[in-house]
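Read the structure below first, then the notes.
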């Protein structure tokens with residue numbers, strides 16, 4: 001494969017994670033090292049920054065601040081939820097991207113995101129190829145939801161799982177303080193895949209976890225749910241149930257829809273969910289008549305870098321690094337993925353999967369990892385997830401508060 | 001002062017904190033060392049365990065597990081919210097306590113709690129004295145709310161402040177990811193005192209904090225609140241407002257009361273609050289019409305031992321230790337308190353304050369530490385609180401999840 005000289009651009013897309021910037025650090029530090037990469041740009045707000053020529057010159061950043069990106073949560077360059085139209089319907093955006101890439105001689109495009117973003121990558125690459133513009137396109141995976149196809153797990157999931165497991169252990173102890181009955185309903189992220197919700201089982205494996213776990217992979221029948229809670233409550237007086245925000249009733253409605261008339265819908269047609277814990281806590285209170293608590297871990301799940309998994313930080317960094325190396329070696333139209341080596345000890349290798357195979361597929365929790373009753377997960381899940389939360393990332397501190405990266409964000413003048 | 005030989009008992013009361021068991025560790029390890037203390041009992045669920053003779057023999061615990069109590073959140077012995085009646089109204093409980101203390105030869109009583117618990121301590125001690133039963137009674141302070149009179153700060157507050165400051169920094173970054181307007185309303189604990197809420201200013205001192213802070217010390221006028229939010233929103237497009245759960249409107253109603261008909265009231269007549277963030281987020285959405293988020297840090301504020309302040313852990317341990325030493329030396333009817341030494345460097349000394357002076361007084365945030373507009377705190381608060389969050393307690397890990405104490409809890413046979 002011949003050497004391709006030119007600039008590279010990296011963008012972040014979709015919901016952030018605790019470790020999304022670790023991948024950025026991997027891309028930037030590796031790209032800066034490569035002779036064939038003449039300029040390293042960061043796109044402000046992903047594809048939107050490309051369309052609007054809002055670039056940062058990453059070569060201007062201090063290497064220490066780039067290093068700090070590894071422990072700085074949330075998309076440092078800004079993210080976006082912007083869906084490209086199908087090229088047959090409207091090719092305006094594609095033309096514009098080609099124009100911008102030509103103007104800045106961008107020959108490497110790295111895009112960090114989930115399902116939708118891999119689709120975006122794929123569409124852009126196909127258009128550039130058709131137009132005869134040589135550009136290597138690589139996807140860097142990212143999502144707390146762990147629902148990407150073709151990879152053992154996704155960067156971001158391990159840290160979300162570690163936070164959920166850790167605070168669930170703490171909530172477990174808190175729920176046992178008084179000698180009165182208490183039902184605690186915890187709501188976790190996860191629209192269609194229950195990986196984050198299931199990770200509360202890691203707390204259970206340490207004897208400080210939930211009694212019941214409900215994933216969106218199975219419908220939640222409200223009467224059965226109340227029966228499940230009541231059975232544990234009658235036996236022990238204490239119940240912790242963890243429920244995914246995306247759990248639906250057998251008739252296909254989201255839990256909060258049982259209470260609300262309308263829900264906000266985002267650009268991808270995803271409904272904005274909330275209120276599962278509060279709704280179910282009220283149901284339990286009214287039907288069982290006991291003391292209840294509803295807790296929503298909210299966006300701490302995706303932003304609590306102070307509790308990130310070191311394994312996740314290192315793998316996320318490595319995913320960014322691998323994307324650059326592979327592209328420089330001539331690869332294009334792939335997403336970096338993780339492959340678990342066989343054997344008792346956890347070893348994670350990177351591999352490349354075709355973007356077209358990843359885009360728009362969702363990987364859910366395997367049916368056989370969910371218990372027959374649909375209210376817990378099996379040991380197989382714990383064996384799968386436990387290695388992913390190992391190690392503490394320990395961000396550098398300043399006055400005992402995390403010292404997050406402070407990028408200069410030097411704007412590239414528009415050509 | 002003559003030596004007093006006999007058993008000691010320690011109980012935990014009220015809402016737990018991340019470091020409440022550090023004080024227990026201080027009491028137990030010190031009491032076990034003392035020759036004049038013949039038995040070390042732990043009361044199950046505080047005063048309730050005493051009334052019902054439900055004691056644990058703490059001398060039976062492994063020293064390693066007692067050490068682990070320092071980093072284990074939530075009351076390991078169980079807590080209670082039980083209000084003793086005035087002795088003139090009904091002395092049944094007091095008679096019973098005297099009877100139990102006599103039966104087990106309990107000569108040292110250590111009680112860990114907040115305002116109400118110091119009142120309980122004081123009442124019991126007065127009754128025992130009047131009955132001619134020699135028993136030394138010491139209060140060990142504890143409350144995330146930091147509202148105890150007579151002490152520079154309370155064990156538990158520093159860790160709550162550290163958690164709130166840390167996750168608010170993370171939420172700050174998360175809120176800046178998209179290039180669209182966004183208002184985030186964060187609800188923190190604090191019924192009548194705004195110390196926890198104010199600690200979000202520590203995040204602001206690092207450039208990653210809220211724009212607006214509302215303490216329960218000042219009434220919140222809903223129209224003024226909306227104007228405050230709108231002013232920041234119009235200027236920057238991003239707003240983070242932190243509001244205490246206990247904030248009231250000028251006519252004396254709690255914020256969620258504007259929306260709800262009834263609120264649950266606990267044994268002390270405290271209203272159980274919730275829903276401030278959700279209520280205010282809806283108001284902002286309806287009146288300003290922007291994208292909003294409501295986040296409740298919920299009980300993670302008092303249980304997130306994984307993010308505890310090492311200073312707080314050590315001081316909490318020392319408070320327990322000091323209580324035992326002072327009692328053995330002949331002191332009674334005091335609460336251990338903290339005194340900050342004068343000078344630029346933070347040095348915290350323990351002192352003793354009379355229980356009668358502490359009981360039922362609430363220490364609120366000084367008026368001069370709240371800005372004139374009532375929507376932020378001054379630098380003085382930051383200077384006060386910053387030393388209290390220093391150091392990471394770093395609980396020992398097992399599979400990268402916290403290894404919390406596993407007490408044997410050997411029940412003492414009833415006599």
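With the structure loaded, tell me whether residue B:278 is facing chain A (nearest Cβ under 10 Å) and modelled with pLDDT under 90 or whether it fails that test.
Numbers: facing chain A (nearest Cβ under 10 Å): yes; modelled with pLDDT under 90: yes.
Yes: the conditions hold for residue B:278.
For segment A:34-82, what are the residues that are touching a helix residue (DSSP H, G or I) at 6+ places or on another chain (Cβ under 9 Å) and part of a helix (DSSP H, G or I)?
A:47, A:50, A:51, A:58, A:59, A:63, A:66, A:67, A:68, A:69, A:70, A:71
With respect to residue B:226, determine if the residue is more than 29 Å from residue B:361 (Cβ to Cβ) and within 14 Å of another protein chain (Cβ to nearest Cβ).
On the way: more than 29 Å from residue B:361 (Cβ to Cβ): yes; within 14 Å of another protein chain (Cβ to nearest Cβ): no.
No; evaluated as a whole, the condition is false for this residue.
So in segment A:349-378, with the set limited to residues that are assigned to a helix (DSSP H, G or I) and either in contact (Cβ under 8 Å) with a residue 40 or more places away in the chain or in contact with a strand residue (DSSP E or B) (Cβ under 7 Å, 6 or more places away or on another chain) (or both), which one is surrounded by the fewest Cβ atoms within 10 Å (Cβ to Cβ)?
Of all residues in segment A:349-378, those assigned to a helix (DSSP H, G or I) come to A:355-358, A:367-369.
Adding the requirement that they be either in contact (Cβ under 8 Å) with a residue 40 or more places away in the chain or in contact with a strand residue (DSSP E or B) (Cβ under 7 Å, 6 or more places away or on another chain) (or both) leaves A:355-358, A:367, A:369.
Values: A:355: 26, A:356: 16, A:357: 14, A:358: 25, A:367: 8, A:369: 21.
Within segment A:349-378, the match that is surrounded by the fewest Cβ atoms within 10 Å (Cβ to Cβ) is A:367.
Any residue at all in segment A:143-155 that is surrounded by 23 or more Cβ atoms within 10 Å (Cβ to Cβ), touching a strand residue (DSSP E or B) at 6+ places or on another chain (Cβ under 7 Å), within 14 Å of chain B (Cβ to nearest Cβ) and under 25 Å from residue B:172 (Cβ atoms)?
no
Going by what's in this entry, would residue A:212 be described as at pLDDT 95 or above, surrounded by 15 or more Cβ atoms within 10 Å (Cβ to Cβ), over 26 Å from the mean Cα position of the chain (by Cα) and at negative phi? Steps first, answer last, please.
Values: at pLDDT 95 or above: yes; surrounded by 15 or more Cβ atoms within 10 Å (Cβ to Cβ): yes; over 26 Å from the mean Cα position of the chain (by Cα): no; at negative phi: yes.
So residue A:212 fails the test.
Please go through segment B:380-395 and give me each residue that is more than 14 Å from every other protein chain (Cβ to nearest Cβ) and surrounded by fewer than 16 Cβ atoms within 10 Å (Cβ to Cβ), ordered by number. Show your work before the answer.
We begin by selecting, within segment B:380-395, every residue more than 14 Å from every other protein chain (Cβ to nearest Cβ); these are B:380-381.
If the condition is that a residue be more than 14 Å from every other protein chain (Cβ to nearest Cβ) and surrounded by fewer than 16 Cβ atoms within 10 Å (Cβ to Cβ), then B:380 is the only one that fits.
Read through the list (1) in contact with a helix residue (DSSP H, G or I) (Cβ under 7 Å, 6 or more places away or on another chain); (2) under 25 Å from residue A:200 (Cα atoms); (3) assigned by TED's automatic domain parsing to the domain that holds residue A:72; (4) surrounded by fewer than 20 Cβ atoms within 10 Å (Cβ to Cβ), then give the number of the only condition that residue A:313 fails.
(4)
Can you report the number of residues in segment B:88-99 which are in a loop (DSSP other than H, G, I, E, B) and free of Cβ contacts under 8 Å to residues at least 24 places away in the same chain?
The number of residues fulfilling the criteria is 3.
Looking at residue A:329, is it in contact (Cβ under 8 Å) with a residue 12 or more places away in the chain, over 30 Å from residue B:311 (Cβ atoms) and either out of contact with any strand residue (DSSP E or B) (no Cβ under 9 Å at 6 or more places or on another chain) or within 14 Å of chain B (Cβ to nearest Cβ) (or both)? Walk me through how you get there before you give the answer.
Numbers: in contact (Cβ under 8 Å) with a residue 12 or more places away in the chain: yes; over 30 Å from residue B:311 (Cβ atoms): yes; either out of contact with any strand residue (DSSP E or B) (no Cβ under 9 Å at 6 or more places or on another chain) or within 14 Å of chain B (Cβ to nearest Cβ) (or both): yes.
Yes, satisfied.
Is it fair to say residue A:59 is touching a strand residue (DSSP E or B) at 6+ places or on another chain (Cβ under 6 Å) and farther than 17 Å from residue A:410 by Cβ?
Details: touching a strand residue (DSSP E or B) at 6+ places or on another chain (Cβ under 6 Å): yes; farther than 17 Å from residue A:410 by Cβ: no.
Answer is no for this residue.
For segment A:330-348, what are the residues that are over 19 Å from residue A:128 (Cα atoms) and assigned to a loop (DSSP other than H, G, I, E, B)?
Within segment A:330-348, the first condition is being over 19 Å from residue A:128 (Cα atoms), and the residues that meet it are A:336-348.
Residues satisfying the conditions are A:341, A:342, A:343, A:344, A:345, A:346, A:347.
Go through segment A:189-206 and give me each residue that's at pLDDT below 95 and surrounded by fewer than 24 Cβ atoms within 10 Å (Cβ to Cβ). Give the steps one after another, and end with the answer.
Filtering segment A:189-206 for residues at pLDDT below 95 gives A:190-192.
Once the filter is applied, which keeps residues that are at pLDDT below 95 and surrounded by fewer than 24 Cβ atoms within 10 Å (Cβ to Cβ), segment A:189-206 yields A:191, A:192.
Looking at A:185, A:180, which is the one that is within 13 Å of chain B (Cβ to nearest Cβ), within 22 Å of residue B:15 (Cβ to Cβ), crowded, with 24+ Cβ neighbours inside 10 Å and touching a residue at least 12 places away in the same chain (Cβ under 8 Å)? Full working, then the answer.
Working: A:180 fails: crowded, with 24+ Cβ neighbours inside 10 Å.
Within the list A:185, A:180, the selection yields A:185.
Just to be sure, is residue B:15 out of contact with any helix residue (DSSP H, G or I) (no Cβ under 8 Å at 6 or more places or on another chain) and within 14 Å of chain A (Cβ to nearest Cβ)? Reasoning before the result, please.
Working: out of contact with any helix residue (DSSP H, G or I) (no Cβ under 8 Å at 6 or more places or on another chain): no; within 14 Å of chain A (Cβ to nearest Cβ): yes.
Against the criterion (out of contact with any helix residue (DSSP H, G or I) (no Cβ under 8 Å at 6 or more places or on another chain) and within 14 Å of chain A (Cβ to nearest Cβ)), residue B:15 does not qualify.
Exactly one condition in (1) assigned to a loop (DSSP other than H, G, I, E, B); (2) buried (at least 24 other Cβ atoms within 10 Å of the Cβ) is false for residue B:3; which is it?
The failed condition is (2).
I'd like the residue in segment A:396-413 that is part of a strand (DSSP E or B) and out of contact with any helix residue (DSSP H, G or I) (no Cβ under 8 Å at 6 or more places or on another chain) and, out of all such residues, is farthest from the other protein chains (Cβ to nearest Cβ). Break it down stepwise before answering.
Step one: list which residues in segment A:396-413 are part of a strand (DSSP E or B), which gives A:397-398, A:401-402, A:411.
Still in the running and out of contact with any helix residue (DSSP H, G or I) (no Cβ under 8 Å at 6 or more places or on another chain): A:397-398, A:411.
Values: A:397: 7, A:398: 7, A:411: 14 Å.
Of everything passing the filter in segment A:396-413, A:411 is farthest from the other protein chains (Cβ to nearest Cβ).
Name the residue that is nearest to residue B:410 (Cα to Cα), counting only residues in segment B:75-107 that are within 21 Å of the chain's Cα centre (by Cα) and modelled with pLDDT of 95 or more. Full working, then the answer.
Filtering segment B:75-107 for residues within 21 Å of the chain's Cα centre (by Cα) gives B:75-84.
Within this subset, residues satisfying the condition of being modelled with pLDDT of 95 or more are B:75-79.
Working: B:75: 16, B:76: 13, B:77: 11, B:78: 14, B:79: 17 Å.
Per the stated criteria, the residue is B:77.
If you check every pair at least six apart or on different chains, which have Cβ atoms under 6 Å apart with a residue in segment A:65-87 that is over 21 Å from residue A:301 (Cβ atoms) first and a residue that is crowded, with 24+ Cβ neighbours inside 10 Å and modelled with pLDDT under 95 second?
The qualifying pairs are A:84/A:120.
The values are calculated or read from the model by the stated rules, or taken from the named source; none is laboratory data. All figures in this text were calculated on a predicted structure; none of them were measured in a lab. Positions of Cβ are backbone-derived with ideal geometry, glycine not excepted, and every protein chain shown enters the neighbour counts.
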